[in-house]
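Quick note: the coordinates plus some simple rules give every number you see, no bench work behind them. Remember, it's a predicted structure, so these values are computed and weren't measured experimentally. As a convention, Cβ positions derive from the backbone with ideal geometry for all residues, glycine included, and neighbour counts pool all protein chains shown.
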Amino acid sequence: MNLTSQQNSNGVLTKERLDDIKEKFDQGLYPQWLFSDPYVFELERDKVFGYTWQYLGHESELKEPDDYVTRWLMDDPVLLVKNKQGEINVFLNSCSHRGTHLCTADMGNRKTFTCPFHGWSFNTDGKLVGVVAGNRVFGNKMVKPEWNLRKIPRVETYKGLIFGNLDKNAIPLEDYLGELKWYFDLFLARSDGGMEVIGSPQRWVVNTNWKIAAENFGGDPYHVATTHKSTVELGISPQDPLYASYGHQVRLNNGHAINVSSSENGLNVPPYQGLPKEMWPMFEKNLTKEQLEVYKNTVVIVGNCFPNLAFHSPVHGSEGHLHNYLTLRIWRPIALDKTEIWSWLLIDKAAPEEYKKDAYKGYVASFGPSGTLEADDTEIWTRVTKASKGKIARDRNLNFNNVLNYMMGMDKIEPDQSWPGPGIAYPTCFVDFASRGIHDYWLELLSAERDE
C-alpha cells in the first residue's frame with residue numbers, strides 16, 4: 001500500500017479532504033490538526049522534502065582542497081567535500097557496502113573517508129579506493145566504480161548558497177527561487193566578494209513542528225512587539241507597538257515569503273542597515289536602481305525560502321555602534337513535534353574585521369541557542385505545538401472549534417502597486433498574506449499527483 005492510499009484509508013487526506021482544507025485556507029482559516037497529525041508529517045516527508053530544493057551550506061565553508069562538512073536533507077545524511085580541482089562534490093553520507101553512516105564529524109579536512117564498519121575507503125571524488133582484503137574476499141569480478149559513493153540527485157548553487165534536491169527531475173534552482181532572487185541579492189550580492197560564513201553553524205533541538213518556525217520567520221512580524229516585549233522594556237526596541245509593521249510584506253512564488261522593514265519604524269538607523277560608509281559605493285555599483293530604492297531605507301529583512309530555509313538580516317547595537325549580519329536557518333524536521341535548528345552567521349567579506357567581530361557578538365547574544373530573541377521564539381513555538389496535540393485541536397471536522405485565524409489584512413489591505421520589486425507587496429508587515437502563501441504552496445505539493 002503506497003503512502004497516498006494509506007492516507008485515504010485513514011480518511012485523513014483524501015482528495016475531498018484536501019479540497020476542504022483549500023477552501024478553509026481561502027477563507028483565512030488554518031486547521032490546527034495540520035501541525036500535529038502523524039499522517040500529514042509522513043506525507044510531508046515524501047511530497048515536500050522529496051521534491052524541493054533545500055539549503056546545504058555555503059561555498060565559503062569549504063576553503064581548501066579536501067575540506068568537508070556533513071549535513072542533512074531531512075533524513076538523508078549528506079557529505080559535501082572539495083576535491084583537488086576545487087570542485088564541491090555532494091554525496092549521500094552512507095557507505096555503499098552496508099549503508100553505514102560514513103562520516104559523523106561535522107567538518108574537517110580529509111583525503112579519504114574510511115567506513116568504520118568494514119573499512120571501505122573513498123576519496124574526495126567519491127571513488128571507492130580501498131577494500132579490506134580486496135580480491136581475497138570479493139574475487140576479481142568486483143567492479144569498484146559500481147560501488148562509488150552515491151551522489152545527491154541534484155545540486156546547484158546561487159551566489160555561494162549550495163542547495164540539494166532529491167528529485168532528479170526538479171526544475172533548476174534559479175527557477176525555483178524565482179522572485180526571491182531579487183531580494184536575496186540585497187544581501188548576497190550587494191558587496192564585492194559577496195558573503196562569507198563566520199564560525200561554525202550552531203545547532204539545537206526545539207520541541208516544535210517545523211512549519212511553525214518557517215511561518216514565524218516568513219510571515220509573522222506581528223509577534224515581535226509581544227513575544228519580544230523585553231527588548232521594548234530594555235529600550236532596545238521602540239515603544240510604538242506597530243513598529244514591526246512599518247515596511248512591506250511580499251508574497252512570492254513557490255511558497256517563498258519576505259518582510260522588508262523600513263526606517264519608518266522609529267529606529268534611528270543610517271542608510272543601508274548601518275553598514276560602514278566605505279562600503280556604500282559597492283552597493284551602488286552592484287545593485288540595480290530599484291534594489292537600491294528598497295535597500296537604502298531598509299532596517300530588517302526577514303523571510304523564508306520554502307520549505308525550510310529562513311533568513312534574517314537585522315540591525316543590532318546602539319547608536320554609533322550598529323552592526324548588520326545575515327543569519328541563515330534550517331528547520332530540519334526530525335519528528336512531527338521536534339525540529340533541529342541549524343543557524344549560520346554570514347557577513348560581507350568586504351566588511352572591516354572589527355565590524356565582523358562586533359556583528360558576531362551581536363548574533364550570538366540575540367540569535368544563538370541561548371540568545372534573548374531565540375529563547376523568546378522557541379518558547380512560543382513549543383507552546384503552539386503542545387496545544388495542537390489536544391483532542392479539540394485534533395478534531396478533523398474542519399469547524400470553527402479547531403481552526404486558527406489567518407485572516408489579517410484580507411478585507412482591508414490592498415497590494416502596493418508602486419513597489420519596485422517582484423512579488424505581491426503589501427504596505428504593512430502586519431498581514432497574513434505571506435503565511436497563507438507558505439501554506440498554499442505546501443498544500444499544492446501535498447495535493448500533487450506524482451509518478452512513483
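Please list, by residue number, everything in the stretch 18-42 whose backbone N is under 17 Å from a paramagnetic label point 7 Å out along Cα→Cβ of R450. Inside the label zone: 39-42. Over the stretch 344-452, the hull volume per residue, using the convex hull of the C-alpha atoms, is 243 Å³. The label-point distance for E293 and K159, in a model that sets each label 7 Å from Cα toward Cβ, rounds to 1.9 nm. Per the Cα gyration tensor, the stretch 63-153 maps to an equivalent ellipsoid with semi-axes of 22, 14, 12 Å, ordered largest to smallest. In the stretch 1-139, if the dipole is taken from +1 on Lys/Arg beta carbons and -1 on Asp/Glu beta carbons about the Cα centre, which of V78, I21, S94 is farthest to the positive end? Farthest towards the positive pole: S94. If you take semi-axes √(5λ) of the Cα gyration tensor in Å from the coordinates, which of (i) 46, 23, 17; (ii) 35, 26, 20; (iii) 37, 31, 19 do you get? Checked against the structure: label (iii). Using only side-chain charges placed at the Cβ, +1 for Lys and Arg and -1 for Asp and Glu, the dipole size of the stretch 77-139 relative to its Cα centre rounds to 180 debye.
Relative contact order, percent, of the stretch 176-446 when contacts are C-alpha pairs under 8 Å separated by at least 6 residues? Could you put the intermediate results ahead of the total?
Numbers: 533 pairs, mean separation 80.5, N = 271.
Contact order relative to length: 30 percent.
Legend: distances between Cα atoms for K168/K349; K168/K338; K82/K151; K111/K361; K84/K159; pairs beyond 24 Å are K168/K349; K168/K338; K111/K361.
Counting each DSSP H run of 4 or more residues in the chain as -39500 (n - 2.57), what helix-only mean residue ellipticity at 222 nm follows after dividing by all residues, to the nearest 500 deg cm²/dmol?
Only helices count here, giving -8000 deg cm²/dmol.
K63 to D395: extension gain in nm, 0.36 nm per residue of separation minus the Cα-Cα distance? Gain on extension, K63 to D395, equals 114.4 nm. Computed over the stretch 253-397, the quotient of the alpha carbon radius of gyration and 2.2 N^0.38 Å is 1.23.
Relative contact order of the chain, please, whole-number percent, based on alpha carbon pairs below 8 angstrom and at least 6 residues apart. Relative contact order comes out at 20 percent. What is the log10 of I(q)/I(0) for the stretch 176-446, computed with the Debye formula using one identical point scatterer on each Cα and no solvent, at q = 0.10, 0.11, 0.13, 0.16 Å⁻¹? Calculated log10 I(q)/I(0) at the listed q: -0.50, -0.60, -0.86, -1.35. Residues whose amide H comes within less than 5 Å of that of G57, counting only those at least five positions distant or on another chain, are I162 (H built at 1.01 Å from N in the peptide plane). Each residue of the stretch 230-311 gets 123 Å³ once the volume of the Cα convex hull is shared out per residue.
Over 23 Å between C-alpha atoms is what I'm after, so list which of K277/K357; K15/K47; K277/K356; K229/K296; K47/K391 land there. List each step's numbers first, then the result.
Numbers: K277/K357 18 Å; K15/K47 15 Å; K277/K356 15 Å; K229/K296 27 Å; K47/K391 27 Å.
Beyond 23 Å: K229/K296; K47/K391.
Looking at H228, V137, G199, which one has the Cα that reaches farthest to the positive end of the dipole of the chain (charges on Cβ: Lys, Arg +1; Asp, Glu -1)? Comparing the listed Cα positions along the dipole, V137 ranks first. Residues in the stretch 285-300 carry Karplus couplings, in order, of 8, 8, 9, 6, 4, 5, 5, 5, 4, 6, 6, 4, 9, 7, 9, 9 Hz; the curve used is 6.51 cos²θ - 1.76 cosθ + 1.60 with θ = phi - 60°, and Gly or Pro positions show x.
Both radii are taken from the alpha-carbon atoms of the stretch 299-363; with Rh as the Kirkwood radius, Rg/Rh is 1.07.
Could you tell me which chymotrypsin sites (Phe, Trp or Tyr not before Pro) in the stretch 272-358 are loop residues by DSSP with no more than 11 other beta carbons within 10 angstrom of their beta carbon? Spell out each step's value before the answer.
Working: sites: Y272, F283, Y295, F311, Y325, W331, W342, W344, Y355; in loops: Y325.
Qualifying residues, ordered by number: none.
3J(HN,Hα) along the stretch 56-70: 10, x, 10, 4, 5, 6, 10, 7, 10, x, 6, 5, 9, 9, 10 Hz, from the Karplus curve 6.51 cos²θ - 1.76 cosθ + 1.60 with θ = phi - 60°, whole Hz, x for Gly and Pro.
If you keep only loop residues by DSSP, which trypsin sites (Lys or Arg not before Pro) in the stretch 160-247 have at most 14 other Cβ atoms within 10 Å of their Cβ?
Details: sites: K168, K181, R190, R203, K211, K229; in loops: K168, R190.
Sparse-neighbourhood loop trypsin sites (Lys or Arg not before Pro): K168.
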